[in-house]
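The values are calculated or read from the model by the stated rules, or taken from the named source; none is laboratory data. Fair warning: this is a prediction, and the values are worked out from it, not measured in the lab. With ideal geometry, Cβ positions are generated from the backbone for all residues, glycine too; neighbour counts draw on all protein chains shown.
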Amino acid sequence: MVKWIALAGVLMVIAALFYLQAMDSLSTHAVIATILGVFFSVLLGSGLFSLSFFSDKSGHDDEVSGTTTRRDD
């Protein structure tokens, strides 16, 4: 699964670099910022989605479902 997420990150970086090249705004700093920003954003977003699905499937969300209801003690 991690290989597919990393591959998606690399493909997004390549697509962003092609876009920057087409717009003629490709400097060294822009390339470095694009590579780091796009790649780590894709990894972070995919990781957070994976954690939310894992949390839902494992039942961790069921334990805190009644926290917003008012209790009469």
Residue within the range 31-49 that is out of contact with any strand residue (DSSP E or B) (no Cβ under 7 Å at 6 or more places or on another chain) and modelled with pLDDT under 85 present: no
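To keep it simple, each residue is scored yes or no on (1) closer than 26 Å to F53 by Cβ; (2) in contact (Cβ under 8 Å) with a residue 24 or more places away in the chain; (3) part of a helix (DSSP H, G or I); (4) not small (G, A, S).
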| position | (1), (2), (3), (4) |
| --- | --- |
| L7 | yes, no, yes, yes |
| T34 | no, no, yes, yes |
| G37 | yes, no, yes, no |
| V42 | yes, yes, yes, yes |
